[in-house]
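S.K.: Quick one: the structure is below, questions incoming.
The values are calculated or read from the model by the stated rules, or taken from the named source; none is laboratory data. None of the values given here were measured: they were computed from a predicted structure. Using ideal geometry, Cβ is built from the backbone for each residue, glycine included, and neighbour counts are taken over all protein chains shown. The accessibility values were calculated without ligands, DNA or RNA, using every heavy atom of the protein model including side chains. Shrake-Rupley method; radii C 1.70, N 1.55, O 1.52, S 1.80 Å.
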Amino acid sequence: MWRAALILYQLLALAKPVLAQHDATATAITPQNCSLDCIRKGGPACEYCRITRSDVKKVLGFNSIKVFGSCIPWPCFELFGDKDPKICQHYVHAPNDVEVEFVYEPNPRSDTVVVSWKPSYYGIAFLRGFQVSLQALGGSGVACQLFLFQWNISLPASHAQRVYKSDPFPGLPLGSQYAVTVMALPVPKEWEKFYHSKIFSTRSCAEKKGLEYCKKDWYPRHIEVQQEGTAITVTFNLAPPNLGIRSYFSLCYANGGKKYTDIIPNSTKNRTHYSYQLNDLQEGTNYTCEIAANEVDAVRKTFNIDVMHIQKEGASLLSVTPSLAVVLPLCLAVVAILGVLLAVLTRRRPKCMKAQARPKRMKKVDKKPDITSQQEASRPQEDVVTLPRSRLIPPRLLICYSSYDGPAHVKAVMQLGAFIQQHMATQVCLDLWDSLRVAEEGSVAWHCRQIQESDFVLVICSRGLNQRPDLAERDDENEEVDRGLDFGCHAYSSDAVIQLIGEEVGRAKARGQDLSKYMAAIFEHSEITDIPMELRLISHYTLMSDSPLLFSHLHGVALHMPGSYLKISHISEEGFAKLPAGAALQWAIYEAGLAMGAKR
């Protein structure tokens, strides 16, 4: 009996640490409202505290940059260094299990997230706090939060199972991508494993509110196709009246051809469904079609149409009447016999007829040799022009642009970069293709490095490029606003990059240096006045009509030489749209022009 009691006592003793550990991780630790003075004095109420901009200003005597919130470089050295510099010189490993949680957000157009994580076992005794930053991918919008422990605390290894949380990050636009980075403090100057990054996307409008309440994300869900004779009837469900969608379009592809159809339903007859007809489709062809609302960047619904063969009346008559099936082969046999007889008679013509015919044929061939030589000399010579072999790797091209003109313009820039890289033997650098490094380095720093490393810089000029916003910030804004994200910063950074390129151009011009590294370009729907004044000194092109000139600039080859000229069919104004990438680029430029016209 006493042995059973002893075994039960030992089991309970072993279970106590497990239960204690479960209690420690059951509830996550959230930041506290405590001052920096309390943290520096080591008060018991300052276990895990949020640091505000006012705290940083009070200790350091200046405000931190607004878009970076309360975060500053080397926070441990700046805030605790005067107490004991040794506490900020230890290595602390990056946090684990970084998660992003969506919380309630009353604004239907944005999301709010909270970041959670666990500290690492390695170096937890020297852990002094965390710094959490949120970076918008494809832009420079950033928000940062700083959390500190009291300076004289030493966390035990069991606290590595605790879950720590950040404050909410509000105002994140729906359908956007972000990179969240959780950094363990202190951060020695030669240490690489002190942070953990995670990329996530906010919910779409349809995920948060439902498809019936999202104009941009709406698309027809129910599509029915019927064929009657040569006419194809397509029936689809209409958008709810509250979205304000009044027109639609359909686009069908097959064998390199396109068929575009404008659809304007009459809502007075039927408010839920509408039917339209597609005529002049080829029989026996399988079409891939898209249908969408006639809105910018509307989601397209894809469906297939298999046009069946229509049985002709003559074919049905042939199958019904047996006499025609018997007569037709006899007629074909008679025609074959007559053809053989005609061939035999032709071979047995008299030789005199051949002799008479031979001088006539010789007379037709006999032309004046001087006229023939003149005609051959007058033809333009088309020589094969080889590209120079001095460059072992393709040239590196950085494309800069402004996002002020909307997503359609950004999409056109992306399609242009894809076409140049695929069909112009050029390595293209675009911030949208390197979002993680842009998030880590910052947009301006990333562009500065790319300008130095690239062989050429192409600035896509548009109407929004000349918009210069007022970047003045007010220091007396409340702390709640400071924790939000400033999502106009991508436009600000692009403006700063253009000014930087303009300064480089002006400096090179003053020194008499070569300006061929820098180029400016506009799409066909833009105007020459969209090119900023500081970029008027460099070469500028209109795309895609000047695509051969751009190719000539990138590879240093002449388009025209004595007696020959260079012609590359797939980059010419007429031939580039025959390629899949060129067709996508042409359509993107067309949509960007429509969006630009609507704004004007």
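S.K.: Residue by residue through the stretch 245-295, note down the ones that are at negative phi and touching a His at 6+ places or on another chain (Cβ under 6 Å).
M.R.: The one that is at negative phi and touching a His at 6+ places or on another chain (Cβ under 6 Å): E283.
S.K.: Follow-up question, since we're still on this one. Take the residues in the stretch 391-407 that are open to solvent by 10 Å² or more (accessible area, probe 1.4 Å) and not in a loop (DSSP other than H, G, I, E, B); name whichever of them is modelled with the lowest pLDDT. Full working, then the answer.
M.R.: Filtering the stretch 391-407 down to residues open to solvent by 10 Å² or more (accessible area, probe 1.4 Å) leaves 391-394, 396, 401, 403-407.
Narrowing further to those that are not in a loop (DSSP other than H, G, I, E, B): 396, 407.
On the way: R396: 92, P407: 87.
Here the residue is P407.
S.K.: Right, something else. Considering only residues that are among the small types (G, A, S) and open to solvent by 10 Å² or more (accessible area, probe 1.4 Å), look in the stretch 124-151 and name the one that is modelled with the lowest pLDDT. Break it down into steps so the answer makes sense when it comes.
M.R.: If we filter the stretch 124-151 for residues that are among the small types (G, A, S), which is where we start, we get 125, 129, 133, 136, 138-141, 143.
Still in the running and open to solvent by 10 Å² or more (accessible area, probe 1.4 Å): 125, 133, 136, 138, 140.
Values: A125: 88, S133: 89, A136: 85, G138: 68, S140: 63.
Filtering first and then ranking leaves S140.
S.K.: Open to solvent by less than 90 Å² (accessible area, probe 1.4 Å), more than 30 Å from C205 (Cα to Cα) and at pLDDT below 80, is that true of A15? Break it down stepwise before answering.
M.R.: Numbers: open to solvent by less than 90 Å² (accessible area, probe 1.4 Å): yes; more than 30 Å from C205 (Cα to Cα): yes; at pLDDT below 80: yes.
Answer is yes for this residue.
S.K.: Considering only residues that are open to solvent by 10 Å² or more (accessible area, probe 1.4 Å) and not hydrophobic (A, V, I, L, M, F, W, C), look in the stretch 455-465 and name the one that is nearest to M424 (Cα to Cα).
M.R.: The extreme case among them is D455.
S.K.: Further, regarding this structure: Name every residue in the stretch 35-59 that is more than 16 Å from L185 (Cβ to Cβ), open to solvent by 20 Å² or more (accessible area, probe 1.4 Å) and in a helix (DSSP H, G or I), in order of residue number.
M.R.: D37, C38, K41, S54, K57, K58
Residue by residue, here is whether (1) assigned to a strand (DSSP E or B); (2) more than 14 Å from A588 (Cβ to Cβ); (3) free of Cβ contacts under 8 Å to residues at least 12 places away in the same chain holds:
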{"residue": "H409", "(1), (2), (3)": "no, no, no"}
{"residue": "V413", "(1), (2), (3)": "no, no, no"}
{"residue": "Q422", "(1), (2), (3)": "no, yes, no"}
{"residue": "V428", "(1), (2), (3)": "yes, yes, no"}
{"residue": "V438", "(1), (2), (3)": "no, yes, no"}
{"residue": "H447", "(1), (2), (3)": "no, yes, no"}
{"residue": "Q450", "(1), (2), (3)": "no, yes, no"}
{"residue": "L458", "(1), (2), (3)": "yes, yes, no"}
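S.K.: Would you check which residues across the stretch 238-259 are open to solvent by 30 Å² or more (accessible area, probe 1.4 Å), in a strand (DSSP E or B) and in contact with an Asp or Glu (Cβ under 9 Å, 6 or more places away or on another chain) and list them?
M.R.: Y253, K259
S.K.: Looking at (1) crowded, with 23+ Cβ neighbours inside 10 Å; (2) at pLDDT below 90, find the lone condition where S154 falls short.
M.R.: All conditions are met except number (1).
S.K.: Mind counting the residues in the stretch 240-268 that are within 27 Å of the chain's Cα centre (by Cα) and not hydroxyl-bearing (S, T, Y)?
M.R.: Final tally of qualifying residues: 10.
S.K.: Please specify each residue of the stretch 102-117 satisfying the condition of being assigned to a loop (DSSP other than H, G, I, E, B) and surrounded by fewer than 19 Cβ atoms within 10 Å (Cβ to Cβ). Steps first, please.
M.R.: Of the residues in the stretch 102-117, the ones assigned to a loop (DSSP other than H, G, I, E, B) are 104-109.
Hits for the stretch 102-117 are Y104, P106, N107, P108, R109.
S.K.: Going through E534, E504 one at a time, which residue ends up being assigned to a helix (DSSP H, G or I), in contact (Cβ under 8 Å) with a residue 24 or more places away in the chain, under 18 Å from E453 (Cα atoms) and open to solvent by 50 Å² or more (accessible area, probe 1.4 Å)? Show your work before the answer.
M.R.: Numbers: E534 fails: under 18 Å from E453 (Cα atoms).
Of the residues listed, the single one that is assigned to a helix (DSSP H, G or I), in contact (Cβ under 8 Å) with a residue 24 or more places away in the chain, under 18 Å from E453 (Cα atoms) and open to solvent by 50 Å² or more (accessible area, probe 1.4 Å) is E504.
S.K.: Please find, among V59, V92, the residue that is within 14 Å of M183 (Cα to Cα) and modelled with pLDDT under 90. Outline the logic, then answer.
M.R.: Values: V59 fails: within 14 Å of M183 (Cα to Cα).
Every option except V92 fails the conditions.
S.K.: Moving to a separate point now. Scan the stretch 571-590 and report the pairs whose first residue is within 19 Å of H409 (Cα to Cα) and whose second residue is open to solvent by 60 Å² or more (accessible area, probe 1.4 Å) and not aromatic (F, W, Y), with Cβ atoms within less than 8 Å and a gap of 6+ or a chain change.
M.R.: Here the result reads A577/Q586; A581/Q422; G582/H570; A588/K411; A588/M414; I589/E524, each pair linking the stretch 571-590 to a residue that is open to solvent by 60 Å² or more (accessible area, probe 1.4 Å) and not aromatic (F, W, Y).
S.K.: Okay, moving on. Need pairs with beta-carbon distance below 9 Å; first residue within 18 Å of D306 (Cβ to Cβ) and within the stretch 242-260, second loosely packed, with under 10 Cβ neighbours inside 10 Å; sequence gap 6+ or separate chains.
M.R.: Correct list of pairs: S250/Y260; L251/Y260; C252/Y260; K259/D280.
Here is a yes/no grid of residues against (1) within 21 Å of V428 (Cβ to Cβ); (2) touching a strand residue (DSSP E or B) at 6+ places or on another chain (Cβ under 9 Å); (3) exposed (fewer than 12 other Cβ atoms within 10 Å of the Cβ):
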site	(1), (2), (3)
K509	no, no, no
Q513	no, no, no
M544	yes, yes, no
L554	yes, yes, no
V557	yes, no, no
H560	no, no, yes
K567	no, no, no
H570	yes, no, no
E573	yes, no, no
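S.K.: Can you list the strands (runs of 3 or more DSSP E) lying wholly within the stretch 127-232 that have 1 or more residues being without any contact (Cβ under 8 Å) to a residue 40 or more places away in the chain, more than 17 Å from H93 (Cα to Cα) and acidic (D, E)? It would help to see each step written out before you state the result.
M.R.: Details: elements: 129-136, 142-148, 169-173, 177-185, 195-201, 223-228.
Result: 223-228.
S.K.: Could you say whether any residue in the stretch 169-182 is over 26 Å from N107 (Cα atoms) and at pLDDT 85 or above?
M.R.: Quick first cut of the stretch 169-182, residues over 26 Å from N107 (Cα atoms) only: 182.
Pick out the ones that are also at pLDDT 85 or above and you get 182.
Yes: one or more hits.
S.K.: Here is a follow-up. Six or more apart or on different chains, Cβ under 7 Å: which pairs go from a residue in the stretch 44-57 that's more than 16 Å from H159 (Cβ to Cβ) to one that's of a type in the set (G, A, S) and open to solvent by 30 Å² or more (accessible area, probe 1.4 Å)? Could you list them?
M.R.: Correct list of pairs: D55/S35.
S.K.: Would you call A595 open to solvent by less than 40 Å² (accessible area, probe 1.4 Å), without any contact (Cβ under 8 Å) to a residue 60 or more places away in the chain and under 28 Å from A254 (Cα atoms)?
M.R.: On the way: open to solvent by less than 40 Å² (accessible area, probe 1.4 Å): yes; without any contact (Cβ under 8 Å) to a residue 60 or more places away in the chain: no; under 28 Å from A254 (Cα atoms): yes.
So A595 does not fit the description; no.
S.K.: If I ask for residues that are surrounded by fewer than 16 Cβ atoms within 10 Å (Cβ to Cβ) and under 17 Å from the mean Cα position of the chain (by Cα), which ones from the stretch 435-454 would you list?
M.R.: Residues satisfying the conditions are L436, R437.
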